[in-house]
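The values are calculated or read from the model by the stated rules, or taken from the named source; none is laboratory data. Being a predicted model, the structure only gives us computed values, none of them experimental. Please note that ligands, DNA and RNA were not included when accessible areas were found on the heavy atoms of the full protein model with its side chains. Shrake-Rupley method; radii C 1.70, N 1.55, O 1.52, S 1.80 Å.
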Amino acid sequence: MIEAEVPHLRRYARALLRDREAADDLVQDTLERAWRKRHLWRPHGRLRGWLFRVLYRLYLDGHPAPTRDREKLIALDTVALDPRDRSASNGLRLHCRDVLAAMDRLSPEHRAILMLAALEQPSYRDGARMLGIRVGTFRSRLSRARQQLNELMQAEPDTPPLAAARR
């Protein structure tokens, strides 16, 4: 059962840390801790949520902040753009770098909640379970994180505000 969750854990860890090796270390630490604490998992609960909670706690408890190396911020080779449209490609590249740089200035809790919402798109209830917090706390942190990111991005004149996700 755990094996099916590893790609989700990797994707979330890589989004948080933006460093493949550090993310793989975080996932390995998560799996090790989950194995040692397997007696705490309730079989009627969702395994993915429990594993995400373990990863989130390990991330907050001391894994390094994301790399600030501008070249490592994004790998736009995965973005499917028409190669003939260089201006759109360059504009998107700059926008992505600006968003990621702004996210680096958020607190670890806010960065983690935004990444979880963007990658896994859980309901508020499921997101709260994944992070081991109350639904109201999840909603307010997500709202504050979006607001702070919008404020940071508004410093860039041509950047559109982020739209709130519907739940």
- Query: Rounded to a whole number, what % of the accessible area of region 1-42 do carbon and sulfur atoms account for, probe 1.4 Å?
  - Reply: 48
- Item | Principal semi-axes in Å for region 108-151 [√(5λ), Cα gyration tensor, largest first] | 16, 11, 8
- Task: May I ask you to rank Val99, Val135 by accessible area, largest first, using a 1.4 Å probe over the protein chains only?
- Result: Val135, Val99
